[in-house]
Amino acid sequence: MKKKLILFRSKYGSTKEYIKELAERIDGDCVISDAKKFSGNLKDYNPIILGSCTYMGRILIVDFIKENKKILKNRKIYLFVVGVFPEDNEASKQSFELIPEEIRKNLLGYRKLPGRINITKLNFFERMILKITRAKVEDLVDYSQIDLVIEDLKESGLL
Ligand SMILES: Cc1cc2nc3c(=O)[nH]c(=O)nc-3n(C[C@H](O)[C@H](O)[C@H](O)COP(=O)(O)O)c2cc1C
């Protein structure tokens, strides 16, 4: 049986916290890596769970997805993203649309989880962006939402 792989992109840590929570609840062998540092062969893993933060309308792991599109479109993959805008928000839908179509169609599940903005950690540019987007500075992180991800993974036969 192949090992499970969890790849993530997280700038200020909230996505990584969700990943830790998820990993603790997944039975069996599981490799966890920052997508930027991953140097293994995606073909050696199944399923592949992707978790990513969202910044300025972009799901950051999309770069990794594009670079590895050919392999990922033939793997069993699940994606959850983290952000302060809800999943049904127009901006969230647009971010999702930026994922290549063949990967979107191949996803066995997708979910958006609530994120966190800690103003004290942000640089000047990020603070300006927040003013423009009117994103609320708040902590919406809720680990119980990982239950929903687990349910998705079970429903799609990935766990
Ligand atoms: C400059 C800036 C831009 C952001 N843009 C978005 C966005 O477009 N959509 C969204 O849902 N959340 C947005 N967020 C919220 C982040 O996705 C949220 O803080 C998330 O928890 C970050 O994950 P991380 O802690 O793993 O980096 C933005 C936050 C900042 C500071």
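The values are calculated or read from the model by the stated rules, or taken from the named source; none is laboratory data. These numbers come from a predicted model, not from an experiment. We place every Cβ from the backbone using ideal geometry, glycine too, and count neighbours over all the protein chains shown.
Note on region 4-26: among residues that are among the acidic types (Asp, Glu) and touching a residue at least 12 places away in the same chain (Cβ under 8 Å), the one that is farthest from residue 55 (Cα to Cα) is 21. Looking across region 73-98, the residues that are crowded, with 21+ Cβ neighbours inside 10 Å and within 21 Å of residue 5 (Cα to Cα) come down to 77, 78, 79, 80, 81, 82. Taking the numbered list (1) among the acidic types (Asp, Glu); (2) within 19 Å of residue 10 (Cα to Cα); (3) away from the ligand (no atom under 16 Å from the Cβ) in turn, residue 27 passes all entries but (2). Remark: residue 122 falls outside the filter, which requires a residue to be under 30 Å from residue 74 (Cα atoms) and not hydroxyl-bearing (Ser, Thr, Tyr). Within region 130-159, if we keep just the residues that are loosely packed, with under 14 Cβ neighbours inside 10 Å, farther than 17 Å from residue 87 by Cα and not charged (D, E, K, R), the residue that is farthest from the chain's Cα centre (by Cα) turns out to be 132. In the set 150, 132, only one residue is modelled with pLDDT under 95 and either in contact with a strand residue (DSSP E or B) (Cβ under 7 Å, 6 or more places away or on another chain) or not in a loop (DSSP other than H, G, I, E, B) (or both); that residue is 132.
Among the residues in region 14-36, are any among the β-branched types (Val, Ile, Thr) and crowded, with 21+ Cβ neighbours inside 10 Å? Yes, there is a match, as at least one residue in region 14-36 is among the β-branched types (Val, Ile, Thr) and crowded, with 21+ Cβ neighbours inside 10 Å.
State all residues of region 68-90 that are within 16 Å of the ligand (Cβ to nearest atom), touching a residue at least 40 places away in the same chain (Cβ under 8 Å), not β-branched (Val, Ile, Thr) and not in a loop (DSSP other than H, G, I, E, B); if no residue qualifies, say none. Listed by number, the list holds a single entry, 80.
Every residue, every condition in (1) closer than 27 Å to residue 92 by Cα; (2) of a type in the set (Phe, Trp, Tyr); (3) in a strand (DSSP E or B), yes or no:
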site: 1; (1), (2), (3): no, no, no
site: 12; (1), (2), (3): yes, yes, no
site: 17; (1), (2), (3): yes, no, no
site: 20; (1), (2), (3): yes, no, no
site: 24; (1), (2), (3): no, no, no
site: 28; (1), (2), (3): no, no, no
site: 31; (1), (2), (3): no, no, yes
site: 38; (1), (2), (3): yes, yes, no
site: 48; (1), (2), (3): yes, no, yes
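Just to be sure before I move on: is residue 153 within 13 Å of the ligand (Cβ to nearest atom), within 26 Å of residue 71 (Cβ to Cβ) and in contact (Cβ under 8 Å) with a residue 40 or more places away in the chain in the structure I sent? No. Say we look at region 91-127 and pick out the residues that are of a type in the set (A, V, I, L, M) and part of a strand (DSSP E or B); which of these is farthest from the ligand (Cβ to nearest atom)? The qualifying residue farthest from the ligand (Cβ to nearest atom) is 108.
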